[in-house]
Amino acid sequence: MSQRLEEARIGEASNLGKIRVIDKAIPNQSPIKPNKLLNIIFGSLVGLGFGILISSMIEVFDGSIKSISQVERRGLVILSLVPAIKTSKEDRKSRKYKQKNKNIDKLQRRLITYEDPKSPISESYRSLRTSLMYTKNNDDKSNVILVSSPGPGEGKTTTIANLAITYANLGKKTLLIDSDLRKPVLHNVFNLDKTPGLTSCLIGDSDYKEIINKTDVDNLDLVTSGVIPPNPSELLDSASMKQFIDNVKKDYDIILFDSPPLIAVTDANIILKHVNQFCLVVRAGVTQRGALERVVSLSNQTGVNITGVVMNAMSQEHSYGTGYYYNYYQYYYGDDS
């Protein structure tokens, strides 16, 4: 029995069984899951789709003017493109020390044609002056220009102040009049007293020569607003206003009126009947399409033609060609060094 037991053990040990080694195991260096390439492609497509969807929603719900084509589509002529002013780190830091007088912070770069005449922004205001000179269609000695905007905060005061400086630099006797009798600003821009001003002349308290102020810019005089009256529209539509304009036409080549926004009040529409050219300021990303359409409609109703539009605060995102133009200009007409 012991001999048979040993034989059985030997027979069992010699039995190969059902398992066979077909091939040796080779370790897989790349994981089966997840498929990174497929996930990257899928994530990129989903992100692109969501980006397009969000951009489309922003475009639909944002009713502001963003491009030149949106203005030209309404039959308006572009007179000049004014690039956006970039604030340096030093300017942003200095704002902490200017909280007591917010007007200083808002007006510190408004007279850029006087402070930095070689900048691309100054050149854009000279381009505006040239466009207005070529679009003048009357033979009068004096050219009366009104600058306004559809709404507040679109840069009309900045535009008219720098435009006045460009005319004065050309040797033209220029008079800048602050006819915004609700929220006047020009006296702060040129650091002058607000009174006596235009309202003093209109109510008969002062002669028109007594309210004319000299500025630091040669050939440029300023008439401030004066005391804010309770009835600005009535004063601007009075016979004394027409007499004032007739008087200053005898002494000045260029007369510029800074007026309140067109949509807010009717003051600008009253002055329009006394002017030769009407310049509308539109700020990219701020001016609403509905407000611009309303201004165009009012212009058609009153029969006053809009000479052209100034696209203010333009950047490369608003016009693909603007950035290239000003980059080339800066290269050609930059610092003397």
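The values are calculated or read from the model by the stated rules, or taken from the named source; none is laboratory data. Fair warning: this is a prediction, and the values are worked out from it, not measured in the lab. No Cβ is skipped: glycine too gets one built from the backbone with ideal geometry, and neighbour counts run over all protein chains shown. Keep in mind that these areas ignore ligands, DNA and RNA; they rest on the heavy atoms of the full protein, side chains included. Shrake-Rupley method; radii C 1.70, N 1.55, O 1.52, S 1.80 Å.
Descriptive notes on the structure:
- Matching residues, the range 164-188, being of a type in the set (A, V, I, L, M), closer than 18 Å to TYR125 by Cα and open to solvent by 20 Å² or more (accessible area, probe 1.4 Å): LEU170
- Boolean, PRO196 is over 30 Å from PRO117 (Cα atoms), without any contact (Cβ under 8 Å) to a residue 24 or more places away in the chain, assigned to a loop (DSSP other than H, G, I, E, B) and open to solvent by 50 Å² or more (accessible area, probe 1.4 Å): no
- Any hit, the range 12-26, residues being assigned to a helix (DSSP H, G or I), open to solvent by less than 90 Å² (accessible area, probe 1.4 Å) and modelled with pLDDT of 85 or more: no
- Selection count, the range 205-228, where residues are β-branched (Val, Ile, Thr) and free of Cβ contacts under 8 Å to residues at least 12 places away in the same chain: 0
- Residue count for the range 69-86 satisfying the condition of being out of contact with any strand residue (DSSP E or B) (no Cβ under 6 Å at 6 or more places or on another chain), in contact (Cβ under 8 Å) with a residue 40 or more places away in the chain and not in a loop (DSSP other than H, G, I, E, B): 1.
- ASP218, sole failed condition from (1) among the acidic types (Asp, Glu); (2) open to solvent by 20 Å² or more (accessible area, probe 1.4 Å); (3) touching a Lys or Arg at 6+ places or on another chain (Cβ under 8 Å): (3)
- Qualifying residue in the range 296-310 (condition: surrounded by 23 or more Cβ atoms within 10 Å (Cβ to Cβ) and at pLDDT below 90): no
Table: residues versus (1) in a loop (DSSP other than H, G, I, E, B); (2) among the aliphatic types (A, V, I, L, M); (3) open to solvent by less than 10 Å² (accessible area, probe 1.4 Å); (4) without any contact (Cβ under 8 Å) to a residue 12 or more places away in the chain.
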{"site": "PRO230", "(1), (2), (3), (4)": "yes, no, no, yes"}
{"site": "MET241", "(1), (2), (3), (4)": "no, yes, yes, no"}
{"site": "PHE244", "(1), (2), (3), (4)": "no, no, yes, no"}
{"site": "VAL248", "(1), (2), (3), (4)": "no, yes, yes, no"}
{"site": "ILE255", "(1), (2), (3), (4)": "no, yes, yes, no"}
{"site": "PRO260", "(1), (2), (3), (4)": "yes, no, yes, no"}
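- Where a residue in the range 122-133 is free of Cβ contacts under 8 Å to residues at least 60 places away in the same chain and its partner, wherever it lies, is surrounded by fewer than 22 Cβ atoms within 10 Å (Cβ to Cβ) and assigned to a helix (DSSP H, G or I), with Cβ under 7 Å and at least six apart: SER122/ILE112
- Being exposed (fewer than 10 other Cβ atoms within 10 Å of the Cβ), more than 30 Å from MET314 (Cβ to Cβ), of a type in the set (A, V, I, L, M) and modelled with pLDDT under 85 is a property that does not hold for ILE58.
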